[in-house]
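The values are calculated or read from the model by the stated rules, or taken from the named source; none is laboratory data. Predicted, not measured: the structure shown is a model, and the values here were computed from it. All Cβ positions, even for glycine, are placed from backbone atoms using ideal geometry, and neighbour counts span all protein chains on display. Surface areas here come from the heavy atoms of the whole protein model, side chains and all, with no ligands, DNA or RNA. Shrake-Rupley method; radii C 1.70, N 1.55, O 1.52, S 1.80 Å.
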Amino acid sequence: MQSGYVKTRDGVSIYYEVDGSGDPLVLIEGLGYANWMWVKQRSLSKYVKLIIYDNRGVGYSSKPDRPYTMDDFADDLEDLLNYLSIDKAFLWGVSMGGMIAMYFTYKNPDRVRGLILGETNFGIKSVPPSKEALEILMQPPKSDLDKREMLIERMRIAFSREYFNKHRDEIEYLVNLRIRFEEDPKAYNNQLAAVLSFDFKDKLPSIRVPTLIVTGDEDYVVNPQNSYIMNQSIPNSKLIILRGAGHLAIIERAEDYNKVVLNFIYEVVNGLFKPSKEPLVI
C-alpha cells in the first residue's frame, strides 16, 4: 500500500492511501468522517485500484481555519488525481462525499468513468432528514461530554435501530477506530458550511456518466426520498435500495454493498450498464 500527502493548489495537505491495481476507485468521505469509515471497503483493493483520502478538515489532512466550499473539495480531488497521474476514475461518495462526487463530475465530466452516490442528496432543496437527526448533525462535536459517549450518540442515528441495538460490539469497535482521530469542532463547522450552501438540484440532469445511486430504506440522516429524485433526474442512472439499512449502509450491508459496486464497475467497463427508473430492492 502507498500512502502520503499531496499539497493542493491552496497549500492544504491532503492525506491519501492507494492499494491494489486495476480500475481506479476513489472513496470520498462524509461530513466529519475520516478514513476509518471505509473499514469494510478496504478489501476491494483485491479487485480495483483503491484510493482513500481524507477531506480537508478531518483525519490526517490539514484543517484550514475558514469555511470550505464544494469548489475547495472538488479542487482537492482534482489535485489528488493529478498527483497520482490518474486521468479517469470511478468515484464513490457517501453522504457529503456524494455531493463532492456529483460536483466534481459536473466540473470534470471527462475524468469520471462512473459515479456511485451513496446515501446522499443534492443540497439545500433536498427532502430534509428527521428533526432528531438534523439537531445532531448541526451540532459540532462537544468537548464537555465524555468522548466515547458523544461518539456513540452521534453514530446512533447513522444506523438502523435494529442494527444499532443488536450489534453493540460492532458499534464499540467503530468508536475505537473513530476515537483515534481528533475531531475539531471548528473544522466540522467549516465542512458543514459547504453542505449548507450546496444547491445542485437543477444541475442533476447535467450528470451524464453512468451513475449508481444507493440508499438504505432506514436512513435517518439523509431522507431516502432524495435518492428517488436523483434517479429520476440523472438520465444515465439506476437506483438500488438496501432493505433495513441506515445511513452507514457501507457498514451494515457491507458485503452486499461491495458486490453491488463491483458489479457496477464491471458493467461500465464492459459496456453492459443500463439505466433504470425502477428501483431494485435487495
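With respect to the conditions (1) in contact with a Lys or Arg (Cβ under 9 Å, 6 or more places away or on another chain); (2) at pLDDT 95 or above; (3) not polar (S, T, N, Q), L204 lacks only one, and its number is (1). Take the conditions (1) outside any loop (DSSP other than H, G, I, E, B); (2) without any contact (Cβ under 8 Å) to a residue 24 or more places away in the chain; V268 misses just one of them, which is (2).
Are any residues in the range 1-28 within 23 Å of V268 (Cα to Cα) and either of a type outside the set (D, E) or open to solvent by less than 20 Å² (accessible area, probe 1.4 Å) (or both), and if so, which ones?
Listed by number, the residues that qualify are V18, G20, S21, G22, P24, L25, V26, L27, I28.
Within the range 176-196, the presence of a residue that is over 18 Å from the mean Cα position of the chain (by Cα), within 30 Å of N270 (Cα to Cα) and in contact (Cβ under 8 Å) with a residue 12 or more places away in the chain is excluded. Every listed requirement among (1) outside any loop (DSSP other than H, G, I, E, B); (2) among the small types (G, A, S); (3) modelled with pLDDT under 95 is met by G32 save one, (1). Among the numbered conditions (1) of a type in the set (S, T, Y); (2) farther than 28 Å from K49 by Cα; (3) open to solvent by 30 Å² or more (accessible area, probe 1.4 Å), the only one that Y106 does not meet is (2).
Of the residues in the range 238-255, at least one is farther than 25 Å from Y173 by Cβ and in contact with a Lys or Arg (Cβ under 9 Å, 6 or more places away or on another chain).
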